[in-house]
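As structure tokens, the structure follows; a few thoughts come after it.
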Amino acid sequence: METADPTAINLALKVQDEMVLYVPAIGEELPVLASPVQTGPAAGPVGGLVDINSATDAELMELPGIGPSKAAAIITYRTENGNFEKIEDLKDVTGIGDKSFEQLKDGITVR
């Protein structure tokens, strides 16, 4: 669509089955939501757990010890390597070792 605003979406996002993507028109103002917009059935916390395969950087930063740089590293890793198969795979991300993983393991999941 010629009026779509490509800067309003993450063009590196891997599309998954049943995802819903909304691309606003150029200049369209979207309402500010109290919670992050879900991008599909796997988005957002699951039973209080953060799905590291679909969480936004803001959701990741709610985890203990995860700041902007580690959240970005997690998103970059999953973009380049695909979804995590098990939560222990998070230790493959630069900056997340055994100590960090111990703090995170009870608050994360993969779907």
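The values are calculated or read from the model by the stated rules, or taken from the named source; none is laboratory data. This is a predicted model, so every value here is computed, not measured. So basically every Cβ, Gly included, is an ideal-geometry build from the backbone, and we count neighbours across all protein chains shown. Areas reflect the complete protein model, heavy atoms only, side chains present, ligands, DNA and RNA absent. Shrake-Rupley method; radii C 1.70, N 1.55, O 1.52, S 1.80 Å.
Reported count of residues in segment 72-111, each being more than 20 Å from Leu11 (Cα to Cα) and in a helix (DSSP H, G or I), is 16.
Do you know which residues across segment 58-71 are surrounded by 15 or more Cβ atoms within 10 Å (Cβ to Cβ) and outside any loop (DSSP other than H, G, I, E, B)? Once the filter is applied, which keeps residues that are surrounded by 15 or more Cβ atoms within 10 Å (Cβ to Cβ) and outside any loop (DSSP other than H, G, I, E, B), segment 58-71 yields Glu59, Leu60, Lys70, Ala71. Restricting attention to segment 80-89, does a residue exist that is among the basic types (Lys, Arg), open to solvent by less than 70 Å² (accessible area, probe 1.4 Å) and closer than 23 Å to Gln16 by Cα? Checked segment 80-89: no residue is among the basic types (Lys, Arg), open to solvent by less than 70 Å² (accessible area, probe 1.4 Å) and closer than 23 Å to Gln16 by Cα.
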